[in-house]
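*Asks:* I am attaching a structure below and will ask some questions about it afterwards.
The values are calculated or read from the model by the stated rules, or taken from the named source; none is laboratory data. Model, not experiment: these values are computed from the prediction. Here the Cβ is made from the backbone with ideal geometry for all residues, glycine too, and neighbour counts use every protein chain on show. These area figures cover heavy atoms from the full protein model, side chains too; ligands, DNA and RNA do not enter into them. Shrake-Rupley method; radii C 1.70, N 1.55, O 1.52, S 1.80 Å.
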Amino acid sequence: GEHLVGALSAAGFSVYLWEHRGDPEAIPPETATRVDVDAIVAHDLPAALAAAAADAGFPKAMIVGHGLGGQVALIGAGQDAGA
C-alpha cells in the first residue's frame, strides 16, 4: 500500500517529518532544560509548525501525528500551540 507521506505529497501537500527534542535522532536546543511532553508542546510544536508554514509559504500548518506525535498534537490543539 501507499504510505501516508507519499499520498499527502501526491495530493499537493508540503510534507515535513518532525523530530522533537526527545527523539534519539533529534538535536535538542542548546538551552533545553527539560525533555518531556510539556516542553515538546510548549516549545517544539509551535516552532515546528511555524517553520513548516514559513517554508511552505502559508500562514498556518496542519499536523498529523501517530503515537506520541498524536498526543502532542492533541495537547497542542487544546492549548492553541500555533496550530
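*Asks:* Looking only at segment 1-26, which residues are closer than 21 Å to Ala54 by Cα and exposed (fewer than 12 other Cβ atoms within 10 Å of the Cβ)?
*Replies:* Listed by number, the residues that qualify are Ala10, Ala11, Gly12, Leu17.
*Asks:* Pairs under 6 Å by beta carbon, first residue under 13 Å from Met62 (Cβ atoms) and free of Cβ contacts under 8 Å to residues at least 60 places away in the same chain in segment 1-17, partner open to solvent by 100 Å² or more (accessible area, probe 1.4 Å) and assigned to a helix (DSSP H, G or I), six or more apart or different chains?
*Replies:* none
*Asks:* Same structure, new question: Only one of Ile27, Ile75 is in a helix (DSSP H, G or I) and in contact with an Asp or Glu (Cβ under 9 Å, 6 or more places away or on another chain). Can you tell me which?
*Replies:* Among Ile27, Ile75, only Ile75 is in a helix (DSSP H, G or I) and in contact with an Asp or Glu (Cβ under 9 Å, 6 or more places away or on another chain).
*Asks:* When the residues of segment 30-41 are filtered to those that are out of contact with any Gly (no Cβ under 6 Å at 6 or more places or on another chain) and open to solvent by less than 60 Å² (accessible area, probe 1.4 Å), which remaining residue is modelled with the lowest pLDDT?
*Replies:* My answer is Ala32.
*Asks:* Here's a follow-up. If you go through segment 45-63 one residue at a time, do you hit one that is under 11 Å from the mean Cα position of the chain (by Cα), loosely packed, with under 13 Cβ neighbours inside 10 Å, assigned to a loop (DSSP other than H, G, I, E, B) and at pLDDT 85 or above?
*Replies:* Yes, segment 45-63 contains a residue that is under 11 Å from the mean Cα position of the chain (by Cα), loosely packed, with under 13 Cβ neighbours inside 10 Å, assigned to a loop (DSSP other than H, G, I, E, B) and at pLDDT 85 or above.
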